[in-house]
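Heads up: the structure comes next, in structure tokens.
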Amino acid sequence: MIQMNNVVKKYPNGVVAANGISIDIKKGEFVYVVGPSGAGKSTFIKLMYREEKPTSGDVVIAGMNLSNLKNRQVPQLRRQLGVVFQDFKLLPRLNVYENVAFALEVIEENPKDIRKRVMEVLDLVGLKHKVRMFPNELSGGEQQRVSIARSIVNMPKVVIADEPTGNLDPETSWEIMNIFEEINSRGTTIVMATHNREIVNTIRKRVIAIEGGLIVRDVYGGDYGYEG
Amino acid sequence: MYEMYTEVTTAMKGRTIRRHFRESIKSLGRNGWMTFASISAVTVTLLLVGVFTIIMMNLNKVADDIEKDVEVKVLIEIIADPAEAKSAEAKLMKDIKNLPGVSEVVYSSKEQELDLLIESYGEDLSLFEQSNPLNNVLYVKAKEPQQTVNVAKKIEKFDNVNDVKYGEEKVGKLFSFLNTSRNVGLVLILGLLFTAIFLISNTIRITIIARKDEIEIMKLVGATNSFVRIPFVIEGMWLGVLGSIVPMTIVSIVYVNIFKVLQPKLNGELLQILDVTPLLYQVNALILVMGILIGVWGSFMSVRKFLKV
């Protein structure tokens, strides 16, 4: 589902955030990406949804080689992925329903199907009763649930999450993790960058550790592995 | 899997276009103050444009009228024999008509000339009716007012011409003055247009910069550039339309009233202002079209900057 082949990413300011990363993530896997701040986790994630282009090497997502991808094809890639961010990235002027529906409107889905599908995912994340509320009226955990609903509403093969629990309190974080596990159990591949050692050590999954732009550890059912 | 490589070039569905319109109107409401700021900028500048255009068009009309009023007065030599006089006058008239650049020749006998004088200066002059000292006259108009001087000089050389009058120096100065004022007016309007474009598109840019994050999010969710851009551009169009309502109303009401007050006073005078009907349609159309163009263009350019996510 996700392959990286000797990927190097060098930023214009000289920082090398990926220094020859190769990885193969299979369909249906749940993968944590861990590592100290500034080690290249975010770049690793951004390379997957083509916010960043690799300096060299290949990134292949769901059969699309991102090196050959033209700018105008990027929307096609992003429709195959769901992306969840630490800061939720909801559209502030749209309400809960509209935020989730937006991901279906961009693919010009039939309005009847949009309604049905949006209510389904809002039910899944437990926000069916707050469809008319705006993001600033919701708690952080609720906002993140909206953002997850949006990321899965068009049934992507992969959900990529960049520290989805980073801004949330522990209790809410567990609720969010439950949703991710539920999504994963339905066959969606999940790649999640995280700093939350408790989660990684409790819900055991494949763990990829990145340091200095390199994968230093790749263990199935591994632990967080960093102190504090 | 490779079907994903196809670009998003399929024609936009009707319901998506309707969605863009819905979205643009919703956005106007939800952006309250930003919408208000943009509309105000459009309103103020278009009001200036409208007022200046009306002033300039009227000045132009006055200049045209003055120019058209310029004519050459040809005094015909007095010939004693009536038959001879008649044929000489006919020949002169034909010659003048054949001159290039002449549009109109009107004959006025010395009796008619005296009537004109009596009309202007009073019955005292009626004693001249016994022995009229005036000449028969031809009034000549040039096709282009600027040719007046040339035409007059040519007529001077014809036979049986006693004198040619056209206010030599005055006409020259008048024309150069009118031309200068027209050019100044044109420069003023152009300057104002550029200011308007700059001011309005800048205001719109600021409101869109405030929504930079929104554009970025839309792109991250998989929206194509046009999907993001079209609602903004339609919104720009609404801003233009809404912003031109007040200027159109003010300009129309004020001009109609000015016309009502001035028109009776100017009746029969050389100086005339433009009629309400074609002028207000033209100026209002100009205001509306400019508002829409600037709104659309301003939005288009401003969104473009943020689409490269």
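In the range A:156-193, what residues are assigned to a loop (DSSP other than H, G, I, E, B) and closer than 16 Å to A:Glu29 by Cα? Before the answer, list the steps.
Just the residues of the range A:156-193 that are assigned to a loop (DSSP other than H, G, I, E, B), to begin with: A:156-157, A:163-169, A:186-188.
Within the range A:156-193, A:Pro156, A:Lys157, A:Arg186, A:Gly187, A:Thr188 meet the criteria.
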(request) Could you tell me which numbered condition B:Ile55 fails, if it satisfies all but one of (1) in contact with an Asp or Glu (Cβ under 8 Å, 6 or more places away or on another chain); (2) away from every other protein chain (no Cβ under 12 Å)? (result) (1)
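Among the residues of the range B:245-290, which ones are of a type in the set (Gly, Ala, Ser) and part of a helix (DSSP H, G or I)?
The first filter runs over the range B:245-290 and keeps only residues of a type in the set (Gly, Ala, Ser), leaving B:252, B:268, B:285.
Correct list: B:Ser252, B:Ala285.
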(message) Residues that are hydrophobic (A, V, I, L, M, F, W, C) and within 26 Å of B:Gly172 (Cα to Cα): does the range B:118-133 have at least one?
(response) no
(request) Within the range A:75-97, track down each residue that is assigned to a helix (DSSP H, G or I) and more than 8 Å from chain B (Cβ to nearest Cβ). (result) A:Val96, A:Tyr97
(request) Tell me, please, whether a residue that is closer than 27 Å to A:Lys27 by Cβ, of a type in the set (D, E, K, R) and away from chain B (no Cβ under 14 Å) can be found in the range A:128-142. (result) no
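Taking B:Ile230 as the residue in question, decide whether it is surrounded by 13 or more Cβ atoms within 10 Å (Cβ to Cβ), more than 24 Å from the chain's Cα centre (by Cα) and hydrophobic (A, V, I, L, M, F, W, C). Steps first, answer last, please.
On the way: surrounded by 13 or more Cβ atoms within 10 Å (Cβ to Cβ): yes; more than 24 Å from the chain's Cα centre (by Cα): yes; hydrophobic (A, V, I, L, M, F, W, C): yes.
Yes.
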(request) Identify all residues within the range A:27-59 that are over 19 Å from A:Ala193 (Cα atoms) and within 11 Å of chain B (Cβ to nearest Cβ); write none if there are none. (result) none
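No lab work stands behind these numbers, since they all come straight from the coordinates. Please read these numbers as outputs of a predicted model, since none were measured by experiment. Counting neighbours? That spans all protein chains shown, and the Cβs are built from the backbone with ideal geometry, glycine included.
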